[in-house]
Amino acid sequence: MHWRDEGLILGGRKFGESGLILDVLTRTRGRRSGLVYGGASRKKRGQFEAGNSVDLSWSGRLEEQLGRFDVAEASKHRAARLLDLPDALAAVASVSALLRGVLNEGDQAGSNIYEASLLLLDSLEDDAVWPALYVRWELGLLSALGFGLDLDQCAVSGANDGLTHVSPRTGRAVKGSEAEDYVDRLLVLPRFLCDPAAPAHGDDIRSGLALTGFFVERRLFHAINKDLPEARRRLARRLSRRD
């Protein structure tokens, strides 16, 4: 069997002396892995950093078995451009860890988040923009995997304005004024997730990360008996120190 696609590198692990089992999120075939001969060598390993984009071909006897990747030179070396931006590198690590953690081999749901992942990674040099995009990306990941939140109207009154919180039980938005008796048990919904024109400052980003992180952990990782990746926790800690 043989196919070609473009992919976003999620990481890899060494195989033998210089081989590399490469994990990628492909545009049309979801998350896939394959063996790259010599991929762990000093000459080649730079192009296989997480966050880079590549054109590749896969060949193997059976689709469900580990096959071989032939990989062209990376079309975008994002990792190298971010070496002096530690927060941005932490975002790349978090994206890669989340996708590797929740997507199985061949999981087509991954293709639904492919373009959004490229958009986010291509924004990481713009420090004023990408943290809000990252929070929206996690919302998109939840939706792509069938666990989207309902942020369109209040779960109590049906109103579609003034939404301030989200129920941790249902994932539905709530107006705090409609739920005064239990508002302290709700998750804060930052305005920028409902209004694209609203600013996203430090507190907004922290609230957004707490919101999406809660559901990513409970609905995606706990469902498969895994913990939220440390790379995601590390990113949240880094961004929590921002104003």
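Every number here is computed from the coordinates shown, using simple stated rules; none is lab data. All values derive from a computational prediction rather than experimental measurement. Note: ideal-geometry Cβ built from the backbone for every residue, glycine included; neighbour counts use all protein chains shown.
Over the chain, what portion of Cα pair distances is larger than 29 Å, expressed as a whole percent? Mind dumping the intermediate values first?
Working: 9811 of 29403 pairs.
Distances greater than 29 Å cover 33 percent of the Cα pairs.
Considering only Gln108, Leu149, Ala80, and ranking their Cα positions along the charge dipole of the stretch 49-159 that arises from unit charges at the beta-carbon of Lys, Arg, Asp and Glu, the one farthest toward the positive end is Gln108.
For the pair Leu83 and Ser18, a Förster radius of 25 Å applied to the C-beta separation gives a FRET efficiency near 0.55, rounded to the nearest 0.05.
How much length, in nm to one decimal, is gained on full extension between Arg42 and Arg218, taken as 0.36 nm per residue of separation minus their Cα-Cα distance? Each step should come with its number before you reach the end.
Values: separation 176, 0.36 × 176 = 63.36 nm, distance 3.93 nm.
Between Arg42 and Arg218, full extension yields an extra 59.4 nm.
Between Arg241 and Asp150, the distance separating the two model label sites (each 7 Å from Cα on the Cα→Cβ line) works out to 4.0 nm.
The value obtained for the stretch 2-77, namely the Cα convex hull volume divided by the number of residues, is 75 Å³ per residue.
Under Stokes-Einstein, with the Kirkwood radius over Cα pairs standing in for Rh, what whole-number D in µm²/s applies to the stretch 142-243 at 4 °C and 1.567 mPa s?
Numbers: Rh = 14.4 Å.
Roughly 90 µm²/s, to the nearest whole number.
Among Asn225, Leu235, Leu20, whose Cα sits farthest toward the positive end of the charge dipole of the chain (+1 at Cβ of Lys/Arg, -1 at Cβ of Asp/Glu, about the Cα centre)? Result: Leu20, furthest along the dipole toward the positive end. Computed from Cα atoms, the angle from the helix 202-215 axis to the main principal axis of the chain rounds to 70 degrees.
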